[in-house]
Amino acid sequence: MDMIQINNITKVYRRGDEELHILKGLSLSVQKGDFVAIIGPSGSGKSTLMNMIGLLDAPTTGTYSLDGVATEKMSDNQLAQLRNQKIGFIFQQFNLLPRLNAIENVELPMIYAGISKKERRQRANETLQMLGMGDRSHHKPSELSGGQQQRVAIARALAISPSLILADEPTGALDSRTGEEVIELVMKLNEQGNTIVLITHDPSIASHAKRVVALRDGMIISDHRNDSNLALTSREAVHS
């Protein structure tokens, strides 16, 4: 089954008498366990598409199913519930709450998902440990480096065991070395079976994905498997 099934969606914003056509009959499917980079320049529609995939906005026309669930007739509350159950978000600016420490930030989406306090704390501890942040669990964001903050943000995304991880420019606020470490971590998450959709404007970041979808002017202009990534994966499999 496809994790994402988008059929002929459009997005039109109205500004006075003017209509802005952002997405123009776009169709896209993403299989479970895939790692897809959506790339395009500013104004290409990739941020709007990300908001659609993340159930943060609805298309003007067209249909979208997430993990087999049709979304077009859902209420805002139903969409929020589905989003909390199915999607883990990783943002460019981390979006950690400054007054909370690392473990409390990781627990936040689990509160909205209705998970008990005991289970929240256990999951948060386990996820931070997995990402090498166990000894920083009681540090606030201001006490962490950019790379450490992004690891906490990734732990927060993973804690609800999402069907889909949606990463929006996850290395944009990091130096190049730390950014490479974060991308390697995202690749490892995909190897463990997580479905990843990564939004970026940077071809070097997109090159790490298994599949690259390029947008321009609200339309898909190319969609291809990343041969260099697949070749690397094959070589690693031979030597593992």
**Prompt:** For the range 1-51, what is the accessible area per residue in Å², given a 1.4 Å probe and the full set of protein chains?
**Reply:** 49 Å²
**Asked** residue 143 to residue 93: FRET efficiency via 1/(1 + (r/R0)^6), r the Cβ-Cβ distance, R0 22 Å, to the nearest 0.05?
**Response** 0.80
**Asked** Share of the range 9-66's accessible area from carbon and sulfur, percent, 1.4 Å?
**Response** 46 percent
**Prompt:** Accessible area per residue of the range 95-191 at 1.4 Å probe, in Å²?
**Reply:** 48 Å²
**Message:** Can you give me the C-alpha center-to-center distance between the range 23-79 and the range 94-116, rounded to a whole angstrom?
**Reply:** 25 Å
**Request:** Leaving ligands, DNA and RNA out of it, report the carbon-plus-sulfur percent of the accessible area of the range 80-154 at a 1.4 Å probe.
**Result:** 45 percent
**Message:** If each DSSP helix of 4+ residues adds -39,500 (n - 2.57) and the sum is divided by the residues in the chain, what number results at 222 nm, nearest 500 deg cm²/dmol?
**Reply:** -11500 deg cm²/dmol
**Request:** Would you kindly state how much longer the chain becomes between residue 2 and residue 223 on full extension, computed as 0.36 nm times their sequence separation minus their alpha carbon distance, in nm to one decimal?
**Result:** 77.9 nm
**Asked** Between residue 56 and residue 20, what FRET efficiency comes out of the Förster formula 1/(1 + (r/R0)^6) with R0 = 22 Å and r the beta carbon distance, rounded to 0.05?
**Response** 0.80
**Prompt:** Considering amide H positions built from the backbone, and no H for Pro or chain starts, which residues 5 or more places from residue 199, or on another chain, come under 5 Å of its amide H?
**Reply:** 38, 167, 168, 169
**Asked** If you count the DSSP beta bridges with both ends in the chain, what percent of them are antiparallel, to the nearest 5?
**Response** 55 percent
**Packing-based order for 72-78, 211-217, 179-185, using average beta carbon neighbours within 10 Å, highest first** = 211-217, 179-185, 72-78
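The values are calculated or read from the model by the stated rules, or taken from the named source; none is laboratory data. None of these values were measured; they are calculated from a predicted model. All Cβ positions, even for glycine, are placed from backbone atoms using ideal geometry, and neighbour counts span all protein chains on display. All accessible areas refer to the heavy atoms of the entire protein, side chains included, with ligands and DNA or RNA removed. Shrake-Rupley method; radii C 1.70, N 1.55, O 1.52, S 1.80 Å.
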